[in-house]
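The values are calculated or read from the model by the stated rules, or taken from the named source; none is laboratory data. None of the values given here were measured: they were computed from a predicted structure. Neighbour counts are summed over all protein chains in view; Cβ atoms, including those assigned to glycine, are modelled from backbone coordinates with ideal geometry. Heavy atoms of the whole protein, side chains included, go into the accessibility calculation; ligands, DNA and RNA do not. Shrake-Rupley method; radii C 1.70, N 1.55, O 1.52, S 1.80 Å.
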Amino acid sequence: MQGQAQQQAYDRGITIFSPDGRLYQVEYAREAVKRGTASIGIRTADGVVLAVDKRIPSPLLEDTSVEKIHKADDHVGIASAGHVADARQLIDFARRQAQVNQLRYGEPIGVETLTKTVTDHIQQYTQVGGARPFGVALIIGGIENGEPRLFETDPSGTPYEWKALAVGADRGDLQSYLEDEYDEESDLDGGITLALDALASVNEGSLLPTEVGLATVDVETESFEQFDDDRIEEYLVENDLLAEEETDE
């Protein structure tokens with residue numbers, strides 16, 4: 001009984017390490033990320049691609065209300081996987097930091113600086129009693145000094161830089177697909193094709209434009225652009241990935 005009580009203490013207390021050096025609440029937050037639908041980030045020679053699986057749970061739900069890709073600044077986009085409410089809090093924080101940097105220094109914030117500012121904020125919630133970690137992972141992509149950069153934030157508050165990555169559900173399968181197919185010299189269109197192919201690989205080989213989110217940050221313009229359903233459908237048709245919508249007879 002005593003051992004079980006100690007286990008529960010480690011389980012509940014975010015500030016308490018278990019005897020084997022684990023913070024259980026952080027690990028549970030990572031599990032929350034795995035339960036979220038997938039998001040993908042790909043760094044290409046011409047910019048960054050962000051793609052997400054929105055999976056609309058009901059035909060009565062407005063698909064535009066499912067937001068998984070966000071503009072953080074003119075040159076930075078963010079995709080999320082995990083608790084949507086947690087993601088919105090962190091994205092609002094990132095937007096404020098971007099504006100503070102612009103007002104204070106008169107220049108856009110660096111993608112790496114923004115990522116580390118966000119992860120510093122996340123990390124504080126792993127060592128303060130009475131709080132819980134953020135149950136979300138973010139993919140932060142943008143242009144810094146004319147170069148595309150792509151980062152991941154972990155619920156522990158650790159930043160990672162990637163060439164291509166997936167977070168959320170089916171991460172293992174998606175990451176394996178990206179590792180096999182990624183081409184560092186690919187252009188933006190090639191990155192979009194790879195992202196959609198990867199999402200289709202875990203969705204029976206096809207996708208609906210209303211259930212996919214897609215955005216890019218271009219090196220040339222250094223601007224964030226989010227695609228509408230019609231443009232996404234064009235890419236799906238071009239790559240033979242468009243699913244047939246089910247109709248009730």
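Of note:
- Inspection of the range 53-62 identifies no residue that is surrounded by fewer than 18 Cβ atoms within 10 Å (Cβ to Cβ) and not in a loop (DSSP other than H, G, I, E, B).
- Screening K71 with (1) in a strand (DSSP E or B); (2) open to solvent by less than 80 Å² (accessible area, probe 1.4 Å) gives one miss only, at (2).
- Residue list for the range 203-222, restricted to those being within 23 Å of S176 (Cβ to Cβ) and surrounded by fewer than 17 Cβ atoms within 10 Å (Cβ to Cβ): E204, G205, S206
- Test result for V66, among the hydrophobic types (A, V, I, L, M, F, W, C), open to solvent by 20 Å² or more (accessible area, probe 1.4 Å) and within 20 Å of the chain's Cα centre (by Cα): yes
- The set of residues from the range 223-249 being modelled with pLDDT of 90 or more, in a loop (DSSP other than H, G, I, E, B) and surrounded by fewer than 18 Cβ atoms within 10 Å (Cβ to Cβ) comprises S223, D228, N239, D240.
- Scanning the range 85-96 for residues that are closer than 14 Å to H75 by Cβ and either in contact with a Leu (Cβ under 8 Å, 6 or more places away or on another chain) or not in a helix (DSSP H, G or I) (or both) gives a single hit, A94.
- Every residue from the range 110-141 that is open to solvent by 70 Å² or more (accessible area, probe 1.4 Å), part of a helix (DSSP H, G or I) and under 19 Å from I16 (Cβ atoms): Q124
- All positions within the range 20-42 that are in contact with an Asp or Glu (Cβ under 8 Å, 6 or more places away or on another chain) and assigned to a strand (DSSP E or B): S39, G41
- Close Cβ contacts (under 6 Å, 6 or more residues apart or on different chains) running from residues in the range 27-48 that are within 20 Å of L199 (Cα to Cα) to residues that are assigned to a strand (DSSP E or B) and acidic (D, E) comprise T37/D53; A38/D53; G47/D218.
- Every condition in (1) open to solvent by less than 20 Å² (accessible area, probe 1.4 Å); (2) part of a loop (DSSP other than H, G, I, E, B) holds for S156 except the one numbered (1).
- E185 fulfils the conditions (1) at pLDDT 95 or above; (2) open to solvent by 70 Å² or more (accessible area, probe 1.4 Å) except for a single criterion, (1).
- Cβ-Cβ contacts under 7 Å between residues 6 or more apart (or on different chains), taken from a first residue in the range 86-107 that is more than 14 Å from I140 (Cα to Cα) and open to solvent by less than 100 Å² (accessible area, probe 1.4 Å) to a second residue that is modelled with pLDDT of 95 or more and among the small types (G, A, S), are listed as D86/G135.
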